[in-house]
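Have a look at the structure below before the remarks.
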Amino acid sequence: MAQKISLADWQQQLGRSASNPENDSSDNLVYSTDQGKVVKPKPAETGGIAYPDGAIRLRREKKGRGGKTVLTISGIAKPVTELTEICAALKKKCACGGAVKDGIIEIQADKRQLIEQHLSQLGFNVKWSGG
């Protein structure tokens, strides 16, 4: 029949003591019972990408937006923070909504001439593209 020993005696036979944290084998962890998923680091937000001719494009879109008209402004090679500031100024000027997505400014109105004037005042070369 097997002999019963206490936990402290068993650990002492193995060469480590319960009162000695230096010999603790927590650094030899093989698996973890922690819950949750691994959080991947978010990629850095990128700004807009300029076109080779240096002009920015004003484009009117309705496709995939439930028939609502949206102006997209692309080709502004600035960081996201500056794009957000430009978007905020355009939204105030046009009294409408908008957002910056993937380096493209989206304005929820069809006020191309007003937006073109404002962007020209900011020093941008503006071209209309699309419909």
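For Arg112, indicate whether it is surrounded by 14 or more Cβ atoms within 10 Å (Cβ to Cβ), touching a residue at least 60 places away in the same chain (Cβ under 8 Å), at negative phi and of a type in the set (D, E, K, R). Don't jump to the end; show me each part of the working.
Details: surrounded by 14 or more Cβ atoms within 10 Å (Cβ to Cβ): yes; touching a residue at least 60 places away in the same chain (Cβ under 8 Å): no; at negative phi: yes; of a type in the set (D, E, K, R): yes.
No.
Kindly indicate whether Lys78 is exposed (fewer than 14 other Cβ atoms within 10 Å of the Cβ) and of a type outside the set (Gly, Ala, Ser). I'd like the intermediate steps shown before the answer.
Values: exposed (fewer than 14 other Cβ atoms within 10 Å of the Cβ): no; of a type outside the set (Gly, Ala, Ser): yes.
So Lys78 fails the test.
Of these, Asp27, Asp9, Asp53, which one is over 30 Å from Leu114 (Cα atoms) and modelled with pLDDT of 80 or more?
Just a single option satisfies the conditions, and that option is Asp9.
If a residue must be surrounded by fewer than 14 Cβ atoms within 10 Å (Cβ to Cβ) and in contact (Cβ under 8 Å) with a residue 60 or more places away in the chain, how many such residues does segment 115-126 contain?
1
Kindly check whether there is at least one residue in segment 72-93 that is aliphatic (A, V, I, L, M) and more than 21 Å from Tyr51 (Cβ to Cβ).
yes
Can you find even one residue in segment 96-107 that is surrounded by 17 or more Cβ atoms within 10 Å (Cβ to Cβ), out of contact with any strand residue (DSSP E or B) (no Cβ under 6 Å at 6 or more places or on another chain) and of a type in the set (A, V, I, L, M)?
Yes, segment 96-107 contains a residue that is surrounded by 17 or more Cβ atoms within 10 Å (Cβ to Cβ), out of contact with any strand residue (DSSP E or B) (no Cβ under 6 Å at 6 or more places or on another chain) and of a type in the set (A, V, I, L, M).
Every residue in segment 86-123 that is among the acidic types (Asp, Glu) and under 22 Å from the mean Cα position of the chain (by Cα), please.
Scanning segment 86-123 gives Asp102, Glu106.
The values are calculated or read from the model by the stated rules, or taken from the named source; none is laboratory data. Small disclaimer: the values here were computed from a predicted structure and weren't measured. All Cβ positions, glycine included, derive from the backbone under ideal geometry; neighbour counts span all protein chains shown.
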